[in-house]
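First the structure, in the form of structure tokens, and then the observations on it.
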Amino acid sequence: MERLLLVQLLMVGSTLAQIEACPFHCVCQNLSESLSTLCANKGLLFIPPNIDRRTVELRLADNFIRVVESPDFLNMSGLVDLTLSRNTIDTIRPFAFGDLESLRSLHLDGNRLTEIGEEALRGMLNLQHLILNNNQLVDISVAAFDDFLLTIEDLDLSYNNLHTVPWEGIQGMLFLHTLNLDHNLIDFIMEGTFAELYKLSRLDMTSNRLYTLPPDPVFARSQIGVVSPTPYTSTLVLSFGGNPLHCNCELLWLRRLAREDDMETCASPPQVAGRYFWSVPEDEFTCEPPLITRHTHKLWILEGQRATLRCRAIGDPEPVIHWVSPDDKIISNSSRTVSFRNGTLDILVTTIRDDGAYTCIAINAAGESTAVVDLKIIPLPHRGNGSITVLQQDPGSSDIATSAKTSANATEGGSERKVEVSDVTATSALVRWGADKSAYAWMYQIQYNSTVDETLIYRIIPASSRHFVLKHLVPSADYDLCVLAIFDDTATSLAATHLLGCTQFSTGEAYPDCHSLHAHFLGGTLTVIVGGIIVVTLLVFTVVMMVKYKVCSSAHGSLPKVTNVYSQTNGGHPNGLLPQRTPPKERGPKHRRVRVKAARSEGPEHRTGDGMGGVAWRSPVPAKTKRSSSLDMGDISANACYSYAKRLSFMWTKRSQSVHGMLVQCAAAPEGDAKRLGPFLNADELEESVV
């Protein structure tokens, strides 16, 4: 009885211990000797620290966990299924799953992961299902899957931002059954990736940026009615729709497979763009052989300098360019040579051995094309070329840093310097040197460098020159310069050098060109004066016009408007513009004043004033009518502003012209015809008419 009571107490204690070990808000189930901890959708911000280490199944989905660290699953070696789906995880610390050696399934879908580091998934030696879809993955380390390459069966990387995946790691997943790579940005598949994946039954590459698919035997298992060659080889469900396929001869092998139409379409070339992949005939899957369009023909390079050889080619598919050296070897990338994908070859430091003809080879699936580039290396003059040993100390062609720079310019006897630098500016300098008397020089060499750039610069000068202008120098810099004479060594029959001398100089500062202040001042003053005169002139003209306009306006308002046509006779003054003239008394009763009334029937030449009191003096001869001049002022006064003086002048001019014409006629006519030619019979009448 006591034993039974003790057993019951132990069972109750263990139950209480389990309840105490279960995290707050979580549900712990102990079924069939396996403990399940269910903490899904509990609003957790981190992984609970008091999880029972004997847990076999742990569900932490639909929470707000951000970071997974190594202490979170410490000593949980019995955990088999871990679910961390739909959290906000953006960081996985190295070895965070290091103790989960029995884990079979890991769900990390629906999080915010951007990368998987090399040590983020370490320790899971028996993992079979890895679900990483619906994240924001951009990069996955090449060695991220190394611990479970031989156990993984299901890998889901769909709905991410991957441009590439670790193809080398996938190539070693020999027991992989399902691979989901759909809805990414993948544009390249490594050739031979799926060749050894005999258990692969589903491959989804839908909605990527695949331009082409490499030929692989695994795709042959995706045909309709295919029979597996061995019981261990399964058929393959292949999906690659939604990719911008380039339907040329490289995809002809895929077109020849007997598959159902999954609505795959061609994006290029133009003749098949937009058409369904399986509806395009096989004879339209064509390619174009490469054609080299541009390349370097011949290049001369001084020994030790950089040589760049260029080669461009077109074709369908895009050709791959290789370079072949003069000794018929394909040039690969090294510390001295770099070959780029665009067809450029860089030889960083040239030597005499690089001289020769290089071959550019452009290759694609339709053929190849070649071009020859001739590279000529100009050797530097070395006194000790070859295997001949020189007993005397060789100053070398680039010994600027040695003490010879200073000692070579002055001899023991204090002779003049052989190398001089003059006319130094910010970017140029004139170098002069004397002739080499020790030997006949067939060439001179100038070497110089600056404190800004330690690169040694060479200049080859013909033997006939004794000076040279250095250009494109760096302003405000100190320069070291040496001049060497190159001649034929009679003992060795090789080119030798002799140091003529070295010197140092400094370039000036780069000031902008300054113009004369006086010229600027004078030009500005003249501009201001001329502008002021123009402005003052315009202002004076404007004021004068305004005053004139006001005067004209006031005068126009006070004067009566002159309209109609008036007949001018002796003493007639229309509109009262002229004062009335009294008739002379000595004329006697022969003349009489008569008031001439306006009559429309008499015509415009015989009309009188319009009621303003115009009076005409008439001759007693009734048969002759006096000549009159008509003037219409209506349009003038209506269209323009005329002052009183201008109106009077205008009327007077018209009268003068009329009278002058009649006087001329009278002077030219005979006396007998005077009465017939003019209406003026005497001077009085002429005077009255003029006035």
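Go through region 167-188 and count every residue that is in contact with a Phe, Trp or Tyr (Cβ under 7 Å, 6 or more places away or on another chain) and surrounded by 15 or more Cβ atoms within 10 Å (Cβ to Cβ).
Initially, region 167-188 is screened for residues in contact with a Phe, Trp or Tyr (Cβ under 7 Å, 6 or more places away or on another chain), giving 169, 183, 187.
With the extra rule that they be surrounded by 15 or more Cβ atoms within 10 Å (Cβ to Cβ), the set shrinks to 169, 183.
Count: 2.
If we keep just the residues of region 300-359 that are touching a Pro at 6+ places or on another chain (Cβ under 7 Å) and small (Gly, Ala, Ser), which is surrounded by the most Cβ atoms within 10 Å (Cβ to Cβ)?
Here the residue is ALA313.
Please determine, by comparing only the residues of region 488-516 that are among the small types (Gly, Ala, Ser) and modelled with pLDDT of 85 or more, which one is nearest to PRO475 (Cα to Cα). So that I can check it myself, show each step before the final result.
As a first pass, look at region 488-516 and keep what is among the small types (Gly, Ala, Ser): 491, 493, 495-496, 501, 506, 508, 510, 516.
If we keep only those that are modelled with pLDDT of 85 or more too, we end up with 501, 506, 508.
Details: GLY501: 24, SER506: 8, GLY508: 6 Å.
Checking each candidate, the answer is GLY508.
Answer yes if at least one residue in region 460-470 is farther than 15 Å from HIS498 by Cβ, exposed (fewer than 15 other Cβ atoms within 10 Å of the Cβ), basic (Lys, Arg) and within 38 Å of the chain's Cα centre (by Cα), and no otherwise.
The answer is no, given that none of the residues of region 460-470 is farther than 15 Å from HIS498 by Cβ, exposed (fewer than 15 other Cβ atoms within 10 Å of the Cβ), basic (Lys, Arg) and within 38 Å of the chain's Cα centre (by Cα).
Scan region 35-63 for residues that are over 13 Å from LEU84 (Cα atoms) and in contact (Cβ under 8 Å) with a residue 40 or more places away in the chain and report the count.
Residues in region 35-63 being over 13 Å from LEU84 (Cα atoms) and in contact (Cβ under 8 Å) with a residue 40 or more places away in the chain: 0 in total.
When the residues of region 221-251 are narrowed to those that are of a type in the set (A, V, I, L, M) and either assigned to a loop (DSSP other than H, G, I, E, B) or out of contact with any strand residue (DSSP E or B) (no Cβ under 8 Å at 6 or more places or on another chain) (or both), which ends up modelled with the highest pLDDT?
LEU236
So TRP300 clears everything in (1) of a type outside the set (Lys, Arg); (2) out of contact with any Lys or Arg (no Cβ under 6 Å at 6 or more places or on another chain); (3) closer than 18 Å to VAL372 by Cα except one condition, right? Which one?
(2)
Kindly list the number of the only condition in (1) touching an Asp or Glu at 6+ places or on another chain (Cβ under 7 Å); (2) modelled with pLDDT under 90; (3) surrounded by 17 or more Cβ atoms within 10 Å (Cβ to Cβ) that fails for PHE73.
The failed condition is (2).
Residue by residue, here is whether (1) modelled with pLDDT of 90 or more; (2) part of a loop (DSSP other than H, G, I, E, B); (3) over 18 Å from LEU179 (Cβ atoms) holds:
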residue: ARG209; (1), (2), (3): yes, yes, no
residue: PHE219; (1), (2), (3): no, no, no
residue: TRP253; (1), (2), (3): no, no, yes
residue: GLU260; (1), (2), (3): no, yes, yes
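Take SER105 and decide whether it is under 23 Å from PRO71 (Cβ atoms), of a type in the set (Gly, Ala, Ser), surrounded by fewer than 19 Cβ atoms within 10 Å (Cβ to Cβ) and touching an Asp or Glu at 6+ places or on another chain (Cβ under 6 Å).
For SER105, the condition - under 23 Å from PRO71 (Cβ atoms), of a type in the set (Gly, Ala, Ser), surrounded by fewer than 19 Cβ atoms within 10 Å (Cβ to Cβ) and touching an Asp or Glu at 6+ places or on another chain (Cβ under 6 Å) - is met.
Applying the selection to region 537-559, what residues are hydrophobic (A, V, I, L, M, F, W, C) and modelled with pLDDT of 85 or more? Talk me through it step by step, then tell me what you get.
Looking only at region 537-559, we keep the residues that are hydrophobic (A, V, I, L, M, F, W, C), and these are 538-541, 543-547, 551-552, 555, 559.
Result: LEU538, LEU539, VAL540, PHE541, VAL543, VAL544, MET545, MET546, VAL547.
Look at region 33-81 and say how many of its residues are of a type in the set (S, T, N, Q) and not in a loop (DSSP other than H, G, I, E, B). Even if it seems obvious, please write down each step before you answer.
Our first condition is that a residue be of a type in the set (S, T, N, Q); within region 33-81, this holds for 34, 36-37, 41, 50, 55, 63, 70, 75, 77.
Those left that are additionally not in a loop (DSSP other than H, G, I, E, B): 34, 36-37, 55, 70.
Here the count works out to 5.
What number goes with the only condition from (1) under 20 Å from ILE152 (Cβ atoms); (2) surrounded by 17 or more Cβ atoms within 10 Å (Cβ to Cβ); (3) modelled with pLDDT under 95 that ARG54 does not pass?
(1)
So which residues in region 128-167 are of a type in the set (Asp, Glu) and assigned to a loop (DSSP other than H, G, I, E, B), if there are any at all?
Result: GLU153, single match.
The values are calculated or read from the model by the stated rules, or taken from the named source; none is laboratory data. Note that the coordinates shown come from a computational prediction; the quantities given were computed from them, not determined experimentally. Reconstructed Cβ throughout: ideal geometry from the backbone, glycine too, with neighbour counts over all protein chains shown.
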